[in-house]
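The structure appears below as structure tokens.
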Amino acid sequence: MLTMPATSVGYNRAVWWAKVESVMKPTILQQAEEHVRRGRLKQAARVLQRALQAGDAPLEYYLRLAEVYRLQDDWHGAIGAMRAALQSNPDATLARERLVELLIESGRLAEAVCECQRWLRESPNHPIPLEHLLDAYWQAMDYEHALQVANQLVMLQPQSAHYRLRRARLLDNLGRYAQAVSDYEHLAFEASVPLEISIWASVELERLDGIQMELLLHWLTEDAVFRIKFLRDPIGAARERGFAFSRVGERVLEHLPHALNELPRPPRRYADYS
């Protein structure tokens, strides 16, 4: 019967236990997650920082560190972690996207715009930086620039109901009702549009028609010339005055002259609505 030397048996046991311990020992991310679960965010950050300082850390460590800082409202630390991630992984789209998201969320909108513009210089017409650029302009209430980006996104993906809805809302905010109605109608009546967006667009069309109907009724009581034109050609008169009703709204206009006899005659004519 053959037997192994005692030294060989001891060596094999040591190797076996080393493998078991390596398997059982929690990874850096597991250690960090346990600290986060227990509410020890600073300890979680320290664990991840040590791993990054050791070098050759995966992108996932940077992303988790940024999130740990974010949970503490430490925007400087979170943004710094993402900038460090990009230094180690210059082509990491996820890190670039997360950096822009953090800049927007922290209110550093001008920096977010610069990051998006830099990204677009490298990758023109890339939808991800364009979407974030639209978000940054929108939050800054720079609707004109936001509209330019929305137009670009719709041109790149004309079948995207999401992009068209965002453009319609921007046009609505800017008071460009005719263009907004056009986009809302496309979304409300196009069969391929998701149901929730179609319903939203229909609600917005009804709201815009209501706003314009109030203005139109005001001018019908105040402007005799407009009233006469409207009685002859309600849709043409409304369009000439600058109104932009939906197709449903215009059907209502066609029946409105019959009800005008109940309105008081205008005492005098005021300046035209524009």
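The values are calculated or read from the model by the stated rules, or taken from the named source; none is laboratory data. All values derive from a computational prediction rather than experimental measurement. A quick note on method: Cβ atoms are made from the backbone with ideal geometry, for glycine too, and the neighbour counts reach across all protein chains shown.
What to note about this one:
- When residues of region 106-140 are limited to those that are outside any helix (DSSP H, G or I) and not charged (D, E, K, R), the one farthest from residue 55 (Cα to Cα): 140
- Subset of region 234-247 [exposed (fewer than 14 other Cβ atoms within 10 Å of the Cβ) and of a type outside the set (Lys, Arg)]: 236, 240, 242
- Selection count, region 116-150, where residues are surrounded by fewer than 21 Cβ atoms within 10 Å (Cβ to Cβ) and more than 14 Å from the chain's Cα centre (by Cα): 13
- Residue 84 at pLDDT 90 or above and crowded, with 18+ Cβ neighbours inside 10 Å: no
- For region 181-217, a residue qualifies if it is touching a residue at least 40 places away in the same chain (Cβ under 8 Å) and under 19 Å from the mean Cα position of the chain (by Cα), and exactly one does: 184.
- Helices (runs of 4 or more DSSP H) completely within region 52-105 that count 1 or more residues being among the aromatic types (Phe, Trp, Tyr): 59-71, 75-88
- Scan of region 183-197 for residues that are surrounded by fewer than 20 Cβ atoms within 10 Å (Cβ to Cβ), modelled with pLDDT of 95 or more and either assigned to a helix (DSSP H, G or I) or touching an Asp or Glu at 6+ places or on another chain (Cβ under 8 Å) (or both), ordered by number: 185, 186, 195, 196, 197
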